[in-house]
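Contents: one structure, followed by commentary.
What follows is calculated from the coordinates using simple rules that are stated; it is not laboratory data. Predicted model, so just to flag it, every value in this text is computed and none were measured. Here the Cβ positions follow ideal geometry from the backbone for every residue, glycine too, while neighbour counts run over all protein chains shown.
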Amino acid sequence: MTTKPPTKRALVLLTLVGIVGLPTAAEGQLGPDGSPITTSNYSVDLTRGVVISTSRVIGLSGAATSLAQGVEGGLQNPSAVAYRGPQWPDWYDYWLALGVTYPFEAGDFYNSGQVVGDPGKISDDTTVFLIPGAYWQMWNFGIGLTIDAQFIKLQGVRNPVTMEQETLRLRFTTFHIQAGYGFWDGQLIVGVGLRILRQRTFLSSRAISNDLYQTLGLGAEVGVMIRPHHRRWSLGASIFPEISTGIRSRGEVMPNPDGDIVVGGYYVPRATKIPTTGSTGFSYQFGPRPTNPPWISAETLAEDDLQRLERRKRAAEESEQEEIAAVEARGGPDVDVCVQAVKQRYARKYAQIKQSRKEMKKLAWDMLRKQYRWDWPRRYYLLTADLWFSGRVDNGVGVESFVFQTVQRSGEKVTVSPRLGFETEVWPTRMKLRGGTYLEPTRFAASTPRVHGTLGFDVNLFKWNVFGIWPDDYRWQATVAVDLARAYGSFSFGIGGWY
């Protein structure tokens, strides 16, 4: 068995990640670094050291644990699902987001040092990350779904079953189903979630075909944010426990008599793991723009006027009952007609009160929106810092290790990633600018950490209510970010609302 298989064939590794629960008859052990892999008794460490998220988070170098908000923050901190900002004064709110990240330079995507094979034989430039999501919020409660999807298409890969050259199509999808609540009027936000990691892999010249492999894993997630009203600082923390996926094989993919899975000359691992990951974060905002403003509903602002109308309605109801009682006491052949006339007269009064309530709530809504969008100062300077860690993976190897079927152990130690970010509105109401840096640790003994630099911006585009679905004053923005490091570069863009 050669330790450097042909390039495209080697990439079959990505079809096989995520195996657990296979027969355990084999007792073969993984050898030392540099030795060939001759057993399925190992795990692939799928730790992702680079920041893959929405454009705003990438622009901040992933330092968003303490200021996570909306769909874009849910991948950093699950409590983002319950964050209620002042931009939407109704009792409900909804967030939609779409982000796309394309690694245009990823010769060493996993920062392994590529010591087990020819560096030119692996390329991730066909990889695309798609992150859509939606949140729904009611007062201080929120629920949401965010999808972290990775798509890979590689042509000219030999199908180990048919031995024909086909296209390898990969789908790595993590579903984040989250729920959260803001206590003490949103000053303490707690969120929890379920992660579902699913892999679909098939070899076919068609875009849709039967799966060669399916893997599935479940995990939890918990996050918290502390955002005291009108204070300049905020704190956050999150934890994502380990996920280990299990394979569901089809066709001729079966273990051999020793309990190993060998496909196309590759020893498939028994397990693929994303280790326990967590973070803590701190942010501080300078400048005249209000910090950590409380969410205020239109009903709260108009509470005094609404109570006055409610008193008018109750008084009218009492008067109506008294007049009806007087008419019925008087009697006569036309008593029913007179009662109906009284009810119609008061129905007009109730309609007027209802219309007044609607107008007062609309006026309060407009006042709050105008205050947030135009009356508050726009200038601010936001500093944010995070510290992320990733846990160990027992008997683990890196992705390239499996590609070249040569042992390169990964995840033997806990790794730590410090991150710093900065954001400001350089052109009031038109453009926001952000940047940052983070240290990507290495999971391998033979490699070294690398420093990343990130840069991003938001541009206010235009106002559009999307055929009446959004408010008439809703403004759309485009978000762009780049991430550059040694042997790595990515471009990210997204769309969303401007606030």
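How high is the relative contact order of the stretch 298-375, given as a whole-number percent (alpha carbon pairs under 8 Å, six or more residues apart)?
51 percent
Taking a virtual spin label 7 Å from the Cα of Asp473 along the C-beta vector, which residues in the stretch 344-359 bring their backbone nitrogen under 16 Å of it?
359
Can you give the extra length, in nm with one decimal, that the chain gains between Val414 and Gln307 once fully stretched, where that is 0.36 nm per residue apart less the Cα-Cα distance?
Here the segment from Val414 to Gln307 would lengthen by 32.7 nm.
When Leu30, Leu387 are ordered from fewest to most other Cβ atoms inside 10 Å of their Cβ, what list results?
Leu387, Leu30
In nm, to one decimal, how far is the modelled label at Thr437 from the one at Phe286, with both set 7 Å along Cα→Cβ?
If labels sit at Thr437 and Phe286, their model points lie 1.8 nm apart.
To the nearest 0.05, how large is the calculated FRET efficiency for Cys338 and Glu299 if R₀ is 35 Å and r is the Cβ-Cβ distance?
0.40
Between Trp427 and Gln87, what is 0.36 nm times their sequence separation minus the Cα-Cα distance? Round to one decimal in nm.
Contour length minus the Cα-Cα distance gives 120.5 nm.
Determine ³J(HN,Hα), in whole Hz, for all residues of the stretch 96-101 in sequence, where each value follows from phi through the Karplus function 6.51 cos²θ - 1.76 cosθ + 1.60 and θ = phi - 60°; x replaces Gly and Pro.
Along the stretch 96-101, the couplings run 10, 8, 8, x, 10, 10 Hz.
How large is the dipole of the stretch 332-414 about the Cα centre if only Lys and Arg carry +1 and Asp and Glu carry -1, each at its Cβ, rounded to the nearest 20 debye?
Value, rounded to 20: 800 debye.
Through the Karplus equation 6.51 cos²θ - 1.76 cosθ + 1.60, θ set to phi - 60°, convert the phi angles of the stretch 307-322 into ³J(HN,Hα) values in whole Hz; use x for Gly and Pro.
5, 4, 5, 5, 5, 4, 5, 5, 5, 5, 5, 5, 5, 4, 5, 5
For His230 and Ser319, compute 0.36 nm times the residue count separating them, minus their Cα-Cα distance, and round to one decimal in nm.
So the chain would gain 27.4 nm between His230 and Ser319.
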